[in-house]
Every structure is written in structure tokens, then in C-alpha cells.
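Enquirer: This is the structure, below, for whatever I ask next.
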Amino acid sequence: VQVKDDLTLSFRYFVPKVVANGVIKLKIVRDGQPVDVELPVYPGADLVMPFLDGRYPRYFICGPITFTQATQDVTGRIVVSSQKNMIALQLLQSPLIIRQYDRPAFKGEELVVLGAPLFPHRVGKGSGSATLGVVSHIDETPVRNLTHLVELVRDASGEYLVIGIAGKRETLVFKREELLASTEEILSDEGIRHQCSEDLQTVWDKQDAGD
């Protein structure tokens, strides 16, 4: 379907816009005659990028980087609302476009995205823009979901932390100890009270317990 100008998307883009009381009204042709039908829609579909449904987005901040779970709210409100963003992500072969309506490839799969520009700090100086980049791996380990990413960052021990970005995006490389040390300073400078959402705090705190 054509959304605007020369931008075309899967017809499923319109589903949440036209559904009412759990159904979509369609007109079909049967035996040469138009017929009005109602197609039930199930909002609980298991998608690799789910809908937030009024929940706050989950997030994790490490140094100047914000990681969050990719959701339909991201693709719907940020990507699809801007033809420029859509075309750019298509050219970069971003999973946000390629996998927008996919089901999880395995139990617990989530796409983890860099949800905002890097916070201003000397640690991030010289790093390219990776906003809306989907994280493919930390060091050499593929990322399964946001919780797994927090675990990988927590348990990393090398001199550098390597953040791979899916598609045609540059890999981000930071000195690990400098990256971790900058987090509290950045949270204070930006007036952010919590480094991560509540469910991820327990995971991150295990480093202090020596687990």
C-alpha cells in the first residue's frame, strides 16, 4: 500500500489504524458481487517487535549509550512517520524494516536497539551515529534479547567492549572500564535517576554480588 509520496509498505501497516472493537471491516468480491465482511484481529500476536500497550519501554544505559527493546511503537511512531528515516533504514538493511512483522525466531528473542543519540561525553567522542541501530552482538556473542545484553555487558572482562550493529552500520568500540566509569557521571549530568528499568536492575546488580 502507498502511505505517502513514494513510500510503500506492507498492508499490515494499516491494521492498527483501522481496527475497531477487535475487527476490521473489509469489502470482498464473491461470485462477482461485493460483500461486506468483518475480519477478527488478535492484538496479542507474538511479534519479535511487540506493542507496548501502555507499558513503559524497558531500557539500559551504559556510558553514553541507551539500549532499549525494539517495539512496534518505535517503527510506527519514529520510523514510519518519516519517509527519510524509512528510506535510510531500508538502505542500511536494518532489521527494524526487514523484520517488522516477524515472529520471534526462538523463545525469548527480542531486537535490541540504540534508542537515542549518544549522550554528550568524552567517552563517546569520535563514535559514529548509531541511533535506531539494532545490536547484533556484544564482543563475539550474538545478542538474544535486552536481558541477555545486560548480562553480556555485566560479565565482559576484555579491555574493549565491542558493540556490533546489524545491517550496514559501523561497529562501536569502547574501552570497557572507561565506558562503565562514565555511566554515573552521565546519569548525574543528564538528571537521570535510574540506570535501567526495574526488571533489568536485578540482572545488572549481580555484578556487585560477585555472581
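The values are calculated or read from the model by the stated rules, or taken from the named source; none is laboratory data. Computed from a predicted structure; not experimentally measured. A quick note on method: Cβ atoms are made from the backbone with ideal geometry, for glycine too, and the neighbour counts reach across all protein chains shown. The area values use the complete protein model at the heavy-atom level, side chains included, leaving out ligands, DNA and RNA. Shrake-Rupley method; radii C 1.70, N 1.55, O 1.52, S 1.80 Å.
Enquirer: Can you confirm whether segment 158-172 contains a residue that is touching a helix residue (DSSP H, G or I) at 6+ places or on another chain (Cβ under 8 Å), open to solvent by 80 Å² or more (accessible area, probe 1.4 Å) and at pLDDT 95 or above?
Expert: The answer is yes, given that some residue of segment 158-172 is touching a helix residue (DSSP H, G or I) at 6+ places or on another chain (Cβ under 8 Å), open to solvent by 80 Å² or more (accessible area, probe 1.4 Å) and at pLDDT 95 or above.
Enquirer: Looking only at segment 102-123, filter to residues that are in a loop (DSSP other than H, G, I, E, B) and under 14 Å from Thr71 (Cβ atoms); which one of those is most open to solvent (accessible area, probe 1.4 Å)?
Expert: Of everything passing the filter in segment 102-123, Asp102 is most open to solvent (accessible area, probe 1.4 Å).
Enquirer: Tally up the residues in segment 1-37 that are in a loop (DSSP other than H, G, I, E, B), closer than 27 Å to Phe51 by Cβ and open to solvent by 80 Å² or more (accessible area, probe 1.4 Å), please.
Expert: Count: 2.
Enquirer: Return the pair list, or none, for Cβ contacts closer than 6 Å from residues in segment 44-67 that are basic (Lys, Arg) to residues that are assigned to a loop (DSSP other than H, G, I, E, B), at least 6 apart or on different chains.
Expert: Between residues of segment 44-67 that are basic (Lys, Arg) and residues that are assigned to a loop (DSSP other than H, G, I, E, B), the close pairs are Arg58/Ser197.
Enquirer: Another question, if that's okay. Restricting to segment 1-41, and then to whatever is hydroxyl-bearing (Ser, Thr, Tyr) and touching a residue at least 60 places away in the same chain (Cβ under 8 Å), can you tell me which residue is farthest from Ile98 (Cα to Cα)?
Expert: Among residues in segment 1-41 that are hydroxyl-bearing (Ser, Thr, Tyr) and touching a residue at least 60 places away in the same chain (Cβ under 8 Å), the one farthest from Ile98 (Cα to Cα) is Tyr13.
Enquirer: Moving on to the next point. Of the residues in segment 140-157, how many are out of contact with any helix residue (DSSP H, G or I) (no Cβ under 7 Å at 6 or more places or on another chain), open to solvent by 20 Å² or more (accessible area, probe 1.4 Å) and of a type outside the set (Lys, Arg)?
Expert: 6
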